[in-house]
Amino acid sequence: MISLKEVEHVALLGRLKLTEEEKKLYSKQLSDILEHARKLQDLDTANVPPTSHVLPLQNVFREDRTGEHMTTEKVLANAPDRQDDYFKVPRIL
Amino acid sequence: MELYYLTAHQLHDMLIKKEISAEEITRAVFGRIEAVEDKIRAYVTLTRETAERQAREVDKSIAAGEKISPLAGIPIAIKDNMCTAGVRTTCASKILYNFVPPYNATVIERLNEALSVMTGKTNMDEFAMGSSTENSAFFTTCNPWDTDRVPGGSSGGSAAAVAAGETIVALGSDTGGSIRQPASYCGVVGLKPTYGSVSRFGLVAYASSLDQIGPITRDVTDCALVFNAISGHDPQDSTSAPYDQPDYTSYLTGDIKGLKIGVPKEYMGEGIDPAVREVIRETVKVFSGLGAQVEETSLPHSEYALPAYYLLATAEASSNLARYDGVRYGYRYKEAEDIVDMFMKTRSEGFGAEVKRRIMLGTYALSAGYYDAFYNQALKVRTLIKGDFDQAFEKYDLLLSPVAPGPAFKRGEKIADPLQMYMVDICTLSINLAGIPAISLPGGFVNKLPVGLQLIGKPFGEGDILRAAYAFEQSGARCCKLNLLQV
């Protein structure tokens, strides 16, 4: 069972602010899903390597040369708030 | 038949014979959209003006005697998680409700080069997380076969648009079944290509090691044509595979004599509606009749695919979706006290329930103390699942199975229970874990609702899949033809 305290901890890690109702709901639903996922522990995988990616590609590099990049105006066009050529955010410190 | 119900290859033939113009095709499709979109709600954004302009360009090329590509002048609908320069791309999420990409996804660039005509951006489950489009932050799309039912998901808008005549072809994306399952529910063809065969550049990421873009079409020939246009190596996607790309239409011969097909028994078990199993058994007879050798086989680790998938997909999602913080684009909570408050309130108000649930699950699976037990164990199980397929493909050219446990379900039927909704993807998500290709094509009907059959291939084995799918379609043994939907 995932406790409410664990839910709060995970929500903070995921930068989510949950209502009390959401906390209760996710506590139950995540518990159910993880209970189902416990099935994976039945398998002996001591000698099985993990697969994070199916293609045998490694270290895909491109040539290191200068090219065109997006203009500042284009980059900032979707900004919720800006000042001059910067993204503007609430105070950090 | 009405223009909007024809296939891309039929329309192409008419275009080069100058029997119709591209502008007429586009007008016919938008006329159809006007007539039925109220009932179907397939589109988040329509791009009629640009579409008509693009169509007129194609007509000029034809008039000038230029040779046009098979997709020139063909209307195509794009799932709203692929970036389209200057056209809103929302992922059906409040957090991206106003996002206008400054660049095109590679697939869009390739379709533009082919002079296809984009009709608009289609509805989906928010960030492609779901199996019904009920998780769209905007509205739910209806299944054209029965508007009380879901079109499937997450590419439900694209599949419904193709089925209802609101476009000719479409693109979807598939992370655990999101092209194939809606194709099955809507009675159309959907291909989830081999991981790495279609560029993901400009596809908004859900689970990067599983996501793949693919075609949704009315027949197998159109599927091959769209796949020809969008596949191939892209230096802008480091997970794009360098490989020799054939002309996939060359596989559409109708000849499958001697093809070896395995039917995994785990995909025909208790969780599958008996009526769906019956449809699949009938399709087996058709393939045997066409000269294929079909027999039962086994993928022993199948039962572990669902938990492994949901841990891996959500872990990747929790990391991918960290970028939505209200700083550079999209929704921002305006009255925040400080920056952390802004992050948290922006994300809590911007994401819907399923997205938050998956971020929570993925964050949990990756967090200290649980990483080995859940995430790492799931990666190892992924190896075992992939091994099952490798072993099966030593003996068989293709595997055949249902796409989904049943036909389209009713709206609201599964939305309250996430685990029940996840079960809908039980026949499709192993394929994403293994990175291999699979097609959903109309296989029959259950209670007057279409049911798909799935053909699964080896890595980069789309040719064999299309060969068998085409032979099945051309045999006419089952009702593969699109019904004229009265909506």
Sole miss for residue A:53 among (1) facing chain B (nearest Cβ under 7 Å); (2) open to solvent by 70 Å² or more (accessible area, probe 1.4 Å); (3) not acidic (Asp, Glu) is condition (2)
Scanning the stretch B:388-414 for residues that are more than 18 Å from residue B:434 (Cβ to Cβ), in a loop (DSSP other than H, G, I, E, B) and open to solvent by 20 Å² or more (accessible area, probe 1.4 Å) gives B:405, B:407, B:411, B:412, B:413, B:414
Subset of the stretch A:1-37, residues under 24 Å from residue B:423 (Cα atoms), facing chain B (nearest Cβ under 8 Å) and open to solvent by 30 Å² or more (accessible area, probe 1.4 Å), comes to A:22, A:32, A:36
Counting only residues that are away from every other protein chain (no Cβ under 11 Å) and not in a loop (DSSP other than H, G, I, E, B), the stretch B:193-238 contains a total of 19
For the stretch B:292-312, pairs from a residue that is more than 16 Å from residue B:426 (Cβ to Cβ) to a residue that is open to solvent by less than 10 Å² (accessible area, probe 1.4 Å), with Cβ under 6 Å and 6 or more apart or across chains, are B:292/B:256; B:292/B:261; B:294/B:261; B:294/B:287; B:297/B:262; B:297/B:264; B:297/B:392
Result of the Cβ filter at 6 Å on the stretch A:72-88, keeping first residues that are more than 10 Å from chain B (Cβ to nearest Cβ) and partners that are loosely packed, with under 15 Cβ neighbours inside 10 Å and assigned to a helix (DSSP H, G or I), at least 6 apart or interchain, is A:85/A:72
If we ask which residues in the stretch B:305-362 are among the charged types (D, E, K, R), outside any loop (DSSP other than H, G, I, E, B) and over 18 Å from residue A:13 (Cβ atoms), their number turns out to be 2
Checked against (1) more than 10 Å from chain A (Cβ to nearest Cβ); (2) in contact with a Ser or Thr (Cβ under 8 Å, 6 or more places away or on another chain); (3) in contact (Cβ under 8 Å) with a residue 60 or more places away in the chain, residue B:279 satisfies every condition except (2)
Flagged in the stretch B:282-305 as within 14 Å of another protein chain (Cβ to nearest Cβ) and buried (at least 20 other Cβ atoms within 10 Å of the Cβ), in numbering order, are B:301, B:304, B:305
Subset of the stretch B:315-331, residues facing another protein chain (nearest Cβ under 9 Å) and within 20 Å of residue B:381 (Cβ to Cβ), comes to B:318
- Item | Any chance residue B:184 is under 26 Å from residue B:32 (Cβ atoms), more than 9 Å from the chain's Cα centre (by Cα) and not in a loop (DSSP other than H, G, I, E, B) | yes
Counting only residues that are open to solvent by 20 Å² or more (accessible area, probe 1.4 Å) and of a type in the set (D, E, K, R), the stretch B:220-265 contains a total of 6
Going through (1) surrounded by 11 or more Cβ atoms within 10 Å (Cβ to Cβ); (2) facing another protein chain (nearest Cβ under 7 Å); (3) part of a loop (DSSP other than H, G, I, E, B); (4) not aromatic (Phe, Trp, Tyr) one by one, residue A:62 fails only at (1)
For residue A:46, the lone unmet condition from (1) open to solvent by less than 50 Å² (accessible area, probe 1.4 Å); (2) more than 7 Å from chain B (Cβ to nearest Cβ); (3) part of a loop (DSSP other than H, G, I, E, B); (4) of a type in the set (A, V, I, L, M, F, W, C) is (1)
Residue B:102: passes all of (1) of a type outside the set (Ser, Thr, Tyr); (2) within 30 Å of residue B:325 (Cβ to Cβ); (3) under 23 Å from the mean Cα position of the chain (by Cα); (4) outside any helix (DSSP H, G or I) but (3)
Counted residues in the stretch B:415-431 being buried (at least 20 other Cβ atoms within 10 Å of the Cβ) and among the charged types (D, E, K, R) come to 1
Those residues of the stretch B:365-386 which are more than 25 Å from the chain's Cα centre (by Cα), open to solvent by 10 Å² or more (accessible area, probe 1.4 Å) and within 11 Å of chain A (Cβ to nearest Cβ) amount to B:366, B:367, B:368, B:369, B:370, B:372, B:373, B:375, B:376, B:377, B:380, B:384
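One line per residue, one yes/no per condition, for (1) over 30 Å from residue B:436 (Cα atoms); (2) among the hydroxyl-bearing types (Ser, Thr, Tyr); (3) modelled with pLDDT under 95; (4) more than 23 Å from the chain's Cα centre (by Cα):
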{"position": "A:3", "(1), (2), (3), (4)": "yes, yes, yes, no"}
{"position": "A:7", "(1), (2), (3), (4)": "yes, no, no, no"}
{"position": "A:14", "(1), (2), (3), (4)": "yes, no, no, no"}
{"position": "A:32", "(1), (2), (3), (4)": "no, no, yes, no"}
{"position": "A:38", "(1), (2), (3), (4)": "no, no, yes, no"}
{"position": "A:46", "(1), (2), (3), (4)": "no, no, yes, yes"}
{"position": "A:51", "(1), (2), (3), (4)": "no, yes, yes, no"}
{"position": "A:57", "(1), (2), (3), (4)": "no, no, yes, yes"}
Original post:
Condition test on residue B:397, is it at negative phi, of a type outside the set (Lys, Arg) and touching a helix residue (DSSP H, G or I) at 6+ places or on another chain (Cβ under 7 Å)?
Top reply: yes
For the stretch B:332-352 the number of residues that are under 17 Å from residue B:93 (Cα atoms), open to solvent by 40 Å² or more (accessible area, probe 1.4 Å) and within 8 Å of chain A (Cβ to nearest Cβ) is 2
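Can you find, within the stretch B:1-36, the residue that is farthest from residue B:68 (Cα to Cα) among those that are among the charged types (D, E, K, R) and in contact with an Asp or Glu (Cβ under 7 Å, 6 or more places away or on another chain)?
Checking each candidate, the answer is B:32.
The values are calculated or read from the model by the stated rules, or taken from the named source; none is laboratory data. This one's a predicted model, so the numbers in the text were calculated from it and none came from an experiment. Virtual Cβ from ideal backbone geometry, glycine too; neighbours counted across all protein chains shown. Heads up: the accessible areas ignore ligands, DNA and RNA and are worked out on the full protein's heavy atoms, side chains in. Shrake-Rupley method; radii C 1.70, N 1.55, O 1.52, S 1.80 Å.
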